[in-house]
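Report on the structure given below.
Throughout, read-outs are computed from the coordinates displayed, never taken from laboratory work. None of these values were measured; they are calculated from a predicted model. Because the Cβ atoms are built from the backbone with ideal geometry, glycine has one as well, and the counts that use them run over all protein chains shown.
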Ligand code: ZN
């Protein structure tokens, strides 16, 4: 154990205060550096938190604060094993979402979507969907098969992105979040009621 080793060392060696001081300072500097680079993770809020059903505000200020938030959102998303995260899910009611359908495999798949809007959508796909705010719940959802989205990046520059299959699904799921819509809102009334009943049961059992 480091503590006992250090104690042994100091009792068997000539006491050297400045050396010990230096080592302590070095240790402190290291832990400060670790703290500065360690990702700040946000708590992912679960349904039925009211922020999840509220439309997020448009982002008008693009600066270092936003850039930091976006990085924290990526860190939070990866830590939760997600491929998309919207700001309302961490309690921030703003039009900000991050997406990475390759989960760190391809850097070009990392997308920052500020104030995104769906310009066009075509076709349809039905696949199982999940959500970090609805853990354990997975249901088939019908979505467009292809979408074109316009958004701004963290610097405020406007861009367009097209996606099909998983990327289309993910873009639509995250943009829904920014409008207060959850994937269970796309289910039939019957299926949605079943899901809500399941959530209530999980809540009762303290598992939600
Ligand atoms: Zn979600």
State, to one decimal in nm, how far the label point of residue 140 lies from the label point of residue 165, with both points 7 Å from Cα in the Cβ direction. 1.9
For Cα pairs less than 8 Å apart in space and 6+ apart in sequence, what is the mean separation divided by the residue count of segment 50-204, i.e. the relative contact order in percent? 24
Using alpha-carbon positions, what is the distance between the centroids of segment 35-99 and segment 101-177, in Å? 15
Please work out the FRET efficiency for the pair residue 40 and residue 81, using the Cβ-Cβ distance as r and a Förster radius of 22 Å; give the result to the nearest 0.05. 0.80
If you restrict to DSSP beta bridges whose two residues both lie in segment 46-143, what percentage is antiparallel, to the nearest 5? 90
